[in-house]
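Working notes, beginning with the structure itself.
The values are calculated or read from the model by the stated rules, or taken from the named source; none is laboratory data. No experiment lies behind these values; they were computed from the predicted model shown. Cβ atoms come from the backbone with ideal geometry, glycine included; neighbour counts cover every protein chain shown. Surface accessibility is based on the protein's heavy atoms, side chains included, excluding ligands, DNA and RNA. Shrake-Rupley method; radii C 1.70, N 1.55, O 1.52, S 1.80 Å.
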Amino acid sequence: MEEISTGPLVPAVKQDMKMSSAEALAQTESFGGGAAAASVTATMEAVGFPEVELDKDMLCPICMQIIKDAFLTACGHSFCYMCIITHLRNKSDCPCCSHYLTNNQLYPNFLLDKLLKKTSARQISKTASPLEHFRQSLQQALVSGLVLASELIILVALVLPIGNLATFDRTEIGCEVSIKEIDNLMSILAEKKRKMEQEEAERNMQILLDFLHCLRKQKVDELNEVQADLHYVKEDINSVERHRIELYRARDRYSVKLRILGDDTSTRKPWLSSIDKNSSGLISSSLNVRGGMSAGNLESKKVDGKAQVSSHGIQKKDSLTGSDSQCFNQSSVSVVRKKRVHAQFNDLQECYLQKRRQLANQPHIKQENNKNLIHREGYNAGLADFQSVLTTFTRYSRLRVIAELRHGDLFHSANIVSSIEFDRDDKLFATAGVSRRIKVFDFSAVVNEPTDVHCPVVEMSTRSKLSCLSWNKFSKNHIASSDYEGIVTVWDVTTQQSVMEYEEHEKRAWSVDFSCTEPSMLVSGSDDCKVKVWCTKQEASVLNIDMKANICCVKCNPGSSNYIAVGSADHHIHYYDLRNISQPLHVFTGHKKAVSYVKFLSDNELASASTDSTLRLWDVKDNVPIEYEARRIAPCLWHLSACFSDSLWCAMVSSRTKLSQQTLPPISLQVRTFRGHTNEKNFVGLTVNSEYIACGSETNEVYVYHKEISKPVTWHRFGSPDVEDADEDAGSYFISAVCWKSDSPTMLTANSQGTIKVLVLAA
C-alpha cells in the first residue's frame, strides 16, 4: 500500500463552540423561565462572556421596547413595571402564558434590571461623543457627592473647550451659573489658553534650540577635523614642493654633467682625428717642401673643421630627440597613473587621512621594514607611509600572462586544481586537486621554455582527492597534503614517497599548513569540527581543538608558532594561543557566510575570504590580550616538550610563567573590507604578500587588491581554449587556486578547468 508522508502541519486555531448570550437566554427561558434566564445572563456577564446583544429576548413582550424597571411574574416572565400594571388593570392573566396573575404576584427583578442598564450604557458609549462621556461622568460625580456644584462648574471650565462650554447645558448637571460667572470663566479660559500656547511655544523653541546646539557641535567638530586635515594637507604640500624643487635641481645638475660629458666625448674624437691628419700632412709637406705649408693641407684642415662642426650638430640633435621621446614616454606614464589616482580618489583620500591623523603627532615613529617606504628629511611619517601606498598602488594597472600550461590529464575528466604552492626558494611549485595527483613543476622551465605541454619534474599519486598543499619552510623536500578522506600526509619530493600519514580526522580535511618558525610542526582542519596540531616526529596529534562548526581553513602565524588562525563555517575567525586552547584569544566577526581562507600578510595583519563575496583585513596585534593567568596551563601543553625544539618549548614556558592575570580580549578591529569579486559557494583561492591581496572569482577571473584600497586594482579573465565553449565558460568555470611568488609581482593562478597561468603585474 502506498504510504502518504506529510510534513509538520501548522497548528490551526479551533473554533469555539459557544452559544451567543441571546441563544443561551432563549434556551434557558424555554427550559426554566425568565428568572433562570436572568440568572444565566448575569452569570455570563460575571465570567466575562461577550456583551449581550440587544435582541427580542431583551424586549418587553407588551411594549416591544427594552425593559425598564423589570418586574418578574410568578410564572417566570419579565415585563416593564408600567406595562404589566396597565395590563392587569384590564385583565388578570399573564400576557405570555395566560396564567392567572394579580398585582400581588409581581416581584422586582433587580438582577435583570441591572444587567439591562449596563447593556444599555455600553451600547450608548459606543456611539457617544467625548462630550457625552464627560457629561455622564460629571453627573455621576455630582450624584455620588465627590464634587460640589461650584467646583463642578470650574472643572467644566478648565476641561471643556470654549465652544463646548458655551453650549453646555447647566441644568443637566444640576447647578445654576450666572452670566457674570460665565464671563469670568471665559476670561480664565482665555488666560489659560494663552498660557498653554506660551508653554507650547517655549517647549518648541527649546527643542529647536537643542537641535541647533547639537548641529552646531557636530559641525564644529567636523570643521575642526576639516581644518586639521587642511593643515596636514598644506604642510604636506609644502614638504612635497620643497622636495620636488630639490629633485628638479638635482635633475638639472645631472643634465649639465651629462651634457658636459657628452660634449667632451663628441669633441675629443674629431679633434684627435684632425690632429692626426694635420700632423701627417705636415710630415709629408716637410718631406716634399721644407719650411712651408701646401694649400691642399690648408683646405683639408678647413674641410675637417666643417665636418667636425656638422657631426657635433648631428649628435646634439640626436641626443635632443632621444630626450624628447623619453620625456614623452614619462609624461604618458604619468597621465596613466594620474587616471588611476582619480579613479580611486575616495579610497586614497580615506587612506591618506587615516595615516596622517594617526601619525600626525609622531613624526619619528618607527616604521616596519618596508622597502617601498620613502624616508626624507621633513617628511611626516604618515605622509611617507601614504606615498609608499600611492607608489605601489599606481605602479600596476593590469595582469599580463607570461606562461600557461595544462594541469589536466587525458584519462581524468575532473581537472580542478584545489591548491597551488611555491616551495621555500620559489624555484619549484606544486599543484594538487581532484585528479588525485601531486605534480611538481620547475618554475623557470615553465616560464622560459615555449612548449605547449610542460611535464612535471615530480608526480605523486594519492588515494583520494586532494584539498590543500603546504611546503615545509625549512626542509625543501617536504610537502604536506590534506585529502577528502581526512588523511594528512607528509611527502618527500625527492623519493616521491610519504613520510608520515595521519588518519585521526573523521571527515574531509580542508586545510593543512606547516609552521614558519618550527620545522616539525603542522596544523590541519576538517569537517569533523576539529583542529589538530601534528609533529613530524610523532605518529599521533599533539593537540586537539574541538569546535562547534566545520573547519574550512587553518594558518600558523608567521612570527610565532604559538598562534594559529582558524576559519570556520560559523562565519567567524577563531584566533588561538596553543598554550591555552580552552578558548580562543579572540573571535573575529563580520563575515556573513563561511570563512574559506585565512592568510597572514605579516605577524599582525590577517586576511580572510568568505563565500559572502568579500575579503576582510584584520589587525591581529590589537586583538591579542597581553596577560594570561600562569596557573591555567592546559594539560596538553606539556606534550609539546617532547615534540618541538627546546628553544620553542623554553620560550612557550617562560612566556607562560611570566604572565600573571588574564584580561578580556578587546573588540575586534576590522581594518578593511574588499569587494569586487564573486564567491558564493566554491573555494576560489586566496594569496597575499606584503602589499597585495589576490583571490579568484566564480566568474573565472583573478582579482588583485591593494591592502589599503577596498576596490580591486586590476583583474584578469581566463579565456576558454575552445572557441565552442566560450559561451559557457563564465558559467561553468571558476578560479580555484592562486599563489604569489614571495613578494614579487608574479603570481600562479589555476581554474576549475585545469588551466594554470603565470601572471605578472604590469604598468
Q: Considering only residues that are open to solvent by 90 Å² or more (accessible area, probe 1.4 Å) and of a type in the set (D, E, K, R), look in segment 81-131 and name the one that is modelled with the lowest pLDDT.
A: 126
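Could you please find all residues in segment 583-611 being over 22 Å from residue 689 (Cβ atoms) and in contact with a Pro (Cβ under 7 Å, 6 or more places away or on another chain)?
In the first step, residues of segment 583-611 are kept if they are over 22 Å from residue 689 (Cβ atoms); the result is 583-587, 589-594, 611.
Within segment 583-611, 585, 586 qualify.
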Q) Mind checking which residues of segment 700-742 are modelled with pLDDT under 60 and hydroxyl-bearing (Ser, Thr, Tyr)? A) 720
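Looking for something more than 60 Å from the chain's Cα centre (by Cα) and either modelled with pLDDT of 75 or more or surrounded by 15 or more Cβ atoms within 10 Å (Cβ to Cβ) (or both) - is there at least one such residue anywhere in segment 198-205? Show your work before the answer.
Taking segment 198-205 as the starting set, the residues that turn out to be more than 60 Å from the chain's Cα centre (by Cα) are none.
The answer is no; no qualifying residue exists.
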Q: Could you tell me whether any residue of segment 535-552 is at pLDDT below 95, open to solvent by less than 10 Å² (accessible area, probe 1.4 Å), over 33 Å from the mean Cα position of the chain (by Cα) and over 21 Å from residue 585 (Cβ atoms)?
A: yes
(Q) I'd like to know if segment 475-490 contains one or more residues that are in contact with a Cys (Cβ under 8 Å, 6 or more places away or on another chain), buried (at least 21 other Cβ atoms within 10 Å of the Cβ) and in a strand (DSSP E or B). (A) yes
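A quick yes/no check of all residues on (1) touching a Gly at 6+ places or on another chain (Cβ under 9 Å); (2) outside any loop (DSSP other than H, G, I, E, B); (3) more than 24 Å from residue 446 (Cα to Cα):
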position: 459; (1), (2), (3): no, yes, no
position: 473; (1), (2), (3): no, no, no
position: 510; (1), (2), (3): yes, yes, yes
position: 517; (1), (2), (3): yes, no, yes
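Looking at residue 538, is it closer than 24 Å to residue 481 by Cβ and assigned to a loop (DSSP other than H, G, I, E, B)? Let's see the steps before the verdict.
On the way: closer than 24 Å to residue 481 by Cβ: yes; assigned to a loop (DSSP other than H, G, I, E, B): yes.
The answer is yes for residue 538.
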**Q.** Filter result for the condition that a residue is in the same structural domain as residue 695 (by the TED database) and in contact with a helix residue (DSSP H, G or I) (Cβ under 7 Å, 6 or more places away or on another chain), over 586, 591
**A.** 586
Q: Could you give me the residue pairs with C-beta distances under 9 Å whose first residue belongs to segment 563-592 and is farther than 15 Å from residue 551 by Cβ and among the polar types (S, T, N, Q), whose second residue is part of a loop (DSSP other than H, G, I, E, B) and open to solvent by 40 Å² or more (accessible area, probe 1.4 Å) wherever it lies, and which are 6+ apart or on separate chains?
A: 580/629; 580/632; 580/633; 580/662; 582/632; 589/571; 589/572
